[in-house]
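Since the structure comes first, as structure tokens, the remarks are kept for the end.
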Amino acid sequence: MTDAAHRPVLLDEAIGALAIRPDGVYVDGTFGRGGHSAAILERLGPNGRLLAMDKDPEAAQVALDRFGGDNRFGFKRCSFAMLEALTDEMGITGRVDGLLLDLGVSSPQLDTSARGFSFQADGPLDMRMDTTSGPTAAAWLASADEAEIARVLRDLGEERFAGRIARRIVETRAERPLATTGELAALIEAAVPFRERHKHPATRSFQAIRIYINRELEDIEACLAQSLRVLAPGGRLAVISFHSLEDRIVKRFMRDAARGVAAPRGLPVRGGPQGQTLRLVGKAQRPSEIEINANPRARSATLRVAERLS
């Protein structure tokens, strides 16, 4: 089922940041339901090219349904961590004029209870973006030891009660396995001694488990490193993140690539730092109040943009 009505967060800002040329080559590393890809294709001429990627099988079907007849468009069902392998296969490594990443879980995924990403509606405890491979959240929670569960909740969810929640999970599974999002959310709510204002007690834990199951942070780091080889000189990298862990990785990567490496003090070397590979483009952008009011999930979004140097 397509979701053409869904409008991605910071759509105009992200598309504008790519500075799309009609004959350019672009990569949408997070196809989702095709919102960004549609906007890019609208701006491409007959000689332009768009390669999209997503590891969600439902996204693959949407790509086929929406753009399968467009010869400017290509799609590969895989993680964006496979970026360079795919551009090598397509013969466009070093020729990409723009790479867009819209990180995290998409609204259609969150809104489908069967995917298990949200505690808002009861569903199977899955949480996999690629539903054809890897352990489900239920399988991991049934086998991981208490210390590992606590570490994941603490490090990836910044959950202050990680130890209490992990202990309750281990105690509960000794009697019966956790199988649904509702069961896990209720367990966490009972384990946490007090609620944060305007935030469900399970929010951080669900985020942490999802990130861990899908190797999200590792994939982001891998893709960003590959982007330096994939982008053409002057090519743009635009990344939308939705929580502090993602944004920290993106901000640090762009900052370090733009700074380069300064020569050690005291050496007779002229000039500034060497090895800069990116130029920062503008400041971080965040949604307007109008967009946040229309889509409250946009509240935490941050767009960062950089340009590949020659």
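Values in this text are rule-based calculations from the coordinates and carry no lab data. Nothing here was measured: the structure is a model prediction, and the numbers come from that model. Every residue, glycine among them, receives a Cβ derived from its backbone with ideal geometry; neighbour counts consider all protein chains shown.
The mean sequence distance of close C-alpha pairs (under 8 Å, at least 6 residues apart), as a share of the length of the chain, puts its relative contact order at 18 percent. Distance from the Cα centroid of region 197-257 to that of region 35-78 is 22 Å (rounded to whole angstrom).
Computed over region 1-93, relative contact order equals 27 percent, with contacts defined as Cα pairs under 8 Å that lie 6+ residues apart.
In the chain, taking the dipole from charged Cβ atoms about the Cα centre, the farthest positive-side position among Leu51, Ile249, Ser106 is held by Ile249. For region 120-133, putting each phi into the Karplus relation 6.51 cos²θ - 1.76 cosθ + 1.60 with θ = phi - 60° gives couplings of 6, 9, 5, x, x, 7, 9, 6, 7, 6, 9, 6, 9, 8 Hz, in residue order, rounded to whole numbers and with x for Gly and Pro. Simple point charges give the picture: +1 on the Cβ of Lys and Arg, -1 on the Cβ of Asp and Glu, and for region 109-214 a dipole about the Cα centre of about 280 debye.
Each 10 Å bin from 0 upward holds the following percent of the Cα-Cα pairs of region 138-258: 12, 39, 25, 16, 8, 1. Taking a straight line from the alpha carbon of Lys55, these lysines sit under 18 Å away, with near neighbours fewer than eight places off in the same chain left out: Lys76. For Lys199, a cut-off of 24 angstrom between C-alpha atoms picks up no lysines at all, skipping any fewer than 8 places away in its own chain.
Of the residues Glu216, Glu84, Glu183, the one that moves most in a GNM of the chain with alpha-carbon contacts below 10 Å is Glu183.
Within a straight-line Cα-Cα reach of under 17 Å, Lys283 can be paired with the following lysines, leaving aside sequence neighbours fewer than 8 residues apart in one chain: Lys251.
Only the Cβ atoms of Lys and Arg (+1) and of Asp and Glu (-1) were treated as charged; on that basis the dipole of region 178-258 about its Cα centre amounts to roughly 300 debye. Counting 0.36 nm for each residue step from Val281 to Glu196 and taking away their Cα separation leaves a gain of 27.0 nm. Can you tell me the orientation of helix 57-67 relative to the chain, as the angle in degrees between its alpha-carbon axis and the longest Cα principal axis, to the nearest 10? Taking the Cα atoms of the chain, the angle to 57-67 is about 40 degrees.
Over the chain, DSSP H runs of length four or greater, each weighted -39,500 (n - 2.57), average out per residue to a 222 nm ellipticity of -12500 deg cm²/dmol. One entry in (1) 57, 43, 36; (2) 62, 60, 40; (3) 57, 40, 39 is Cα extents along the principal axes in Å calculated from the shown coordinates; its label is (2).
Classification of region 153-221 by its C-alpha gyration tensor yields an oblate form. The axis ratio a/c (a ≥ b ≥ c) is 1.5 or more, and b/c is at least a/b. Counting neighbouring beta carbons within 10 Å and listing from fewest to most, the residues Leu100, Leu41 come out as Leu41, Leu100. To the nearest 10 degrees, how steeply does helix 203-214 sit against the main Cα axis of the chain, on a 0 to 90 scale? Approximately 60 degrees, to the nearest ten. Once the Cα atoms are used to define both axes, helix 146-157 deviates from the longest principal axis of the chain by about 40 degrees. Potential lengthening of the chain between Asp88 and Gln120 amounts to 7.4 nm, from the contour at 0.36 nm per residue minus the alpha-carbon distance. Springs between Cα atoms under 10 Å define the GNM used for the chain, and in it the highest mean-square fluctuation of Phe194, Phe80, Phe253 occurs at Phe194.
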